[in-house]
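What follows is a set of notes on a single structure, which appears directly below.
The values are calculated or read from the model by the stated rules, or taken from the named source; none is laboratory data. Note that the structure is predicted; figures quoted are calculated from it, not measured. Neighbour counts run over all protein chains shown; Cβ positions are idealised from the backbone, glycine included. When the accessible area is computed, the model is the full protein with side chains, heavy atoms only, and any ligands, DNA or RNA have been set aside. Shrake-Rupley method; radii C 1.70, N 1.55, O 1.52, S 1.80 Å.
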Amino acid sequence: MENEVLPTIERHFGDLTDPRIDRTKLHKLMDILVIAICAVIAGADNWEDIEEFGNARIEWFQTFLELPNGIPSHDTFTRVFARLDPEQFQACFLRWMAAVSKTIGGQVIAIDGKVLRRSHDKGIDKAAIDMVSAWATANRLVLGQVKVDEKSNEITAIPHLLEVLEVSGCIVSIDAMGCQTDIAEKIIEREADYVLALKENQGHRNEDVAHLFADLEASQYKAYKFDYEKTVNKDHGRIEIRECWTISDPEVLRYLRGFANWKKLLTVSRIRSQRWLGEEKSCEDRYHIASIVGAKRVLGSVRSHWGIENELHWTLDLAFDEDHCRVRKDHGPENFALLRHIALNLLKQERTCKRGIKGKRLLAAWKQDYLLKVLSGFAQMEN
């Protein structure tokens, strides 16, 4: 099986340009990459861990890697990934994801940002980097990532990510930061639909939609034509009720300020979330604009979007300890984040083990056969 895994990795990542000069190439770039991927799957959270894992598994690695000078040192891993072109590394990752794109059509793709908190370096006045990621909610795959420029914000990074993703036929969901006319237009241009969150600090956008639903409620739901969906969930003594009202009548929507600036804006929605935990109750209203119609579709898309927090960001912190990773040098933080995404995708796709991601990483460290099963996802995800 080792001989099946390596060609698949080489097919998608073999075009990476080695950033080193010839006289310093004591180790093959593909060997460095494969060891790093395997180590991160098996629990490595820094370059020192990767070296130690390589030394612990050197006999196994020698069965399918050349390793002309043994296992690289952690300094070698640090230097190579600090200088490796992150855009090219990302392009290789996207090519791998494109190979499985046939499995993601029609689902919600959630886009959100996350700050790598320990990637800052006060000594050189370097701020922590912010990564914007795309999450395929149904297949539970990271599709891509873009680093936010230090002098910019997520608003400028999101269009760059959309440009390189295959989102045709999907519903793109973004939180309030991405509720911009240019981003909506880019999504439609990429032949996808959008569900974008509104927020109180966005002025008349949120205000007008909130007033619309306040009028609807005050009229005992007779003022406008609307659609409605309700879900009830009970779990561990907690009850959650979510209600969604949508208005899609163009004769109503055209009176919203700025309506004409939004490409294919078909629906505005209000989602009311009520939670009971014992005697305690909370209630919150959230508003969205969308290029799709139907309360069921909008509510389903918004609920799917929350998966990027629960299944991606929370998992990266809990299972990969991302917020405490102290990789800081040059492109190292961005490239290590991509290594985590590769590992997470493979671990998510391995379903024979019923443990969580952290438990799977431990199992991959303990059992070579299980690590191979996880790595086989490179080939299996294409079938």
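Which members of the range 26-42 meet the condition of being surrounded by 17 or more Cβ atoms within 10 Å (Cβ to Cβ), out of contact with any Ser or Thr (no Cβ under 8 Å at 6 or more places or on another chain) and not in a helix (DSSP H, G or I)?
ALA42
Quick check: is even one residue across the range 15-25 within 21 Å of the chain's Cα centre (by Cα) and either β-branched (Val, Ile, Thr) or open to solvent by less than 10 Å² (accessible area, probe 1.4 Å) (or both)?
No - not one qualifying residue is present in the range 15-25.
Take the residues in the range 189-229 that are aliphatic (A, V, I, L, M) and touching a residue at least 60 places away in the same chain (Cβ under 8 Å); name whichever of them is surrounded by the most Cβ atoms within 10 Å (Cβ to Cβ). Reasoning before the result, please.
First, pick out the residues of the range 189-229 that are aliphatic (A, V, I, L, M): 192, 195-198, 209-210, 212, 214, 216, 218, 223.
Still in the list and also touching a residue at least 60 places away in the same chain (Cβ under 8 Å): 192, 195-198, 209-210.
On the way: ALA192: 19, VAL195: 26, LEU196: 24, ALA197: 20, LEU198: 22, VAL209: 21, ALA210: 16.
Of everything passing the filter in the range 189-229, VAL195 is surrounded by the most Cβ atoms within 10 Å (Cβ to Cβ).
In this structure, does LYS354 turn out to be open to solvent by 70 Å² or more (accessible area, probe 1.4 Å), out of contact with any strand residue (DSSP E or B) (no Cβ under 9 Å at 6 or more places or on another chain) and under 21 Å from ASN139 (Cβ atoms)?
Yes: the conditions hold for LYS354.
How do the pairs read when you match residues in the range 51-71 that are farther than 14 Å from CYS38 by Cα with residues anywhere that are open to solvent by less than 50 Å² (accessible area, probe 1.4 Å) and among the aromatic types (Phe, Trp, Tyr), using Cβ under 7 Å and keeping only pairs 6 or more apart or on different chains?
Qualifying pairs under 7 Å: LEU67/PHE61.
Looking only at the range 1-14, count every residue that is open to solvent by less than 30 Å² (accessible area, probe 1.4 Å) and either free of Cβ contacts under 8 Å to residues at least 60 places away in the same chain or aromatic (Phe, Trp, Tyr) (or both) and tell me the total.
Within the range 1-14, residues that are open to solvent by less than 30 Å² (accessible area, probe 1.4 Å) and either free of Cβ contacts under 8 Å to residues at least 60 places away in the same chain or aromatic (Phe, Trp, Tyr) (or both) number 2.
Which fully enclosed strands (runs of 3 or more DSSP E) of the range 213-295 have 1 or more residues being closer than 23 Å to VAL172 by Cα and over 27 Å from the mean Cα position of the chain (by Cα)?
Output list reads 227-235, 238-247.
From the list ARG328, ARG286, which one is at pLDDT 90 or above and open to solvent by 30 Å² or more (accessible area, probe 1.4 Å)?
Result: ARG286 is the single residue among ARG328, ARG286 that is at pLDDT 90 or above and open to solvent by 30 Å² or more (accessible area, probe 1.4 Å).
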